[in-house]
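Handing you a structure now.
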Amino acid sequence: MSMIPSDNARTAVYRRRARVVICRGLRVCAYSALGRRCRHRPAVCPVGGRYEMRRFGSPEALAWLGTNGVHANSVELKTLLVPPAEAAAEALTGRCAPTWSVRRMYLLDTVDLDLVRAGVEIRLRRRARGRYDLAVSARRSGIARERIIPRNVRVELDIVPGALWQDIEDRCEVGSAAAAEVIAGSAASQELLSATQRSWACCGGNEAVDDAQLRELRVHGPLVVHRVKVNAQRLGLRRADLELYRYPSGRELLELSTRCWPQDVLQTATAFEQLLDERDVVVAPGHRTKASVWQDEIGIGRAS
């Protein structure tokens, strides 16, 4: 467990900015689950003078998604927040200096991130009590059901402000000793992959990956993940998580997320919007995936 140091001056600025941003008539991009072109929608100011921001799509689009996305195992709604992390954690939890759990995640890829560029991510994650798991995931735009995917994979629909995609993931536990050897560089990374994971890594992305590229896998990281749980059951959310991702270069992403069943996406999105508005947090403009930041990390490493 750890506590992220607080900066009082930055915290004060954060809270002042929160009130300013929430009160502006921002224009947000609402995706259309029906495939229509995205358009910019102004915020709507209801009775009482508070702006309602449709960050995750219109009620009609979300209702359509809840009906047509039932093949997915889950839906994750997430958005990036503006740091500092400690101020956001205090605003969301209502506690002073809440305690964060810490875990580490590693990206297994070639030196040039060939798999990420092909649309595939291989992540080795150290979990609680020294356990490890390995996930091979491929990203797809839209929600069309894949015809050929490995058995026992999880399909999750990811919704961020202005975008929607599905993540198809094959995850399994791996031995702690084998994982430690791969992280230390004394064992080949590809040896951790199961047969189905190896197949999904090669054919699951937008471009094909061959065995030669899998033999060139190396360990990137660690990506240190600090997490604090946010209690929002009063709003109808089963669980929400605030996570701070800290990359080897020191770069950070602060993300708030919640999960639900596909059929509950409309109610969950409404509650998530309410959580963001009520707790005085600043939503970051745009969205960056963790994979895109990894690409920046590799560029920074080469430049130095």
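The values are calculated or read from the model by the stated rules, or taken from the named source; none is laboratory data. These numbers were taken from a predicted model, which means no experiment stands behind them. Cβ sites come from the backbone with ideal geometry, for glycine too, and all protein chains shown count toward neighbours. Note: accessible area is taken over every heavy atom of the protein model, side chains too, but ligands, DNA and RNA are not part of it. Shrake-Rupley method; radii C 1.70, N 1.55, O 1.52, S 1.80 Å.
Enumerate the residues in the range 103-138 having an amide nitrogen under 12 Å from the point lying 7 Å beyond the Cα of residue 154 toward its Cβ.
Counting backbone N atoms under 12 Å from the label point, the list is 133-137.
Working out 0.36 nm times the residue gap between residue 284 and residue 215, then minus their Cα-Cα distance, what length gain in nm do you get to one decimal? Write down the numbers at each step before the final one.
Values: separation 69, 0.36 × 69 = 24.84 nm, distance 3.81 nm.
This chain segment gains 21.0 nm when fully extended.
Next question. For residue 104 and residue 295, FRET efficiency with R0 = 22 Å and r from the beta-carbon atoms, rounded to 0.05?
On the way: r = 20 Å, r/R0 = 0.90.
Working from the Cβ atoms, E equals 0.65.
I would also like to ask the following. Please give me the summed charge of the neighbours of residue 239: other residues whose Cβ is under 12 Å from its Cβ, Lys and Arg +1, Asp and Glu -1. Spell out each step's value before the answer.
Numbers: positive: 227, 229, 238, 259; negative: 76, 241.
Net charge in that neighbourhood comes out at +2.
Rank 258, 196, 67 by accessible area, highest first, at a 1.4 Å probe radius?
Numbers: 258 5, 196 70, 67 95 Å².
Final ranking, largest accessible area leading: 67, 196, 258.
What is the gain in length, in nm to one decimal, between residue 224 and residue 117 on full extension, counting 0.36 nm per residue of separation less the C-alpha to C-alpha distance? Display every interim value, and only then the final one.
Numbers: separation 107, 0.36 × 107 = 38.52 nm, distance 2.24 nm.
Full-extension gain reported as 36.3 nm.
In nm, what is the difference between 0.36 nm times the number of residues separating residue 184 and residue 238 and their Cα-Cα distance?
Working: separation 54, 0.36 × 54 = 19.44 nm, distance 3.79 nm.
Full-extension gain reported as 15.6 nm.
Can you grab the distance from the C-alpha centre of the range 132-187 to the C-alpha centre of the range 195-241, Å, no decimals?
5
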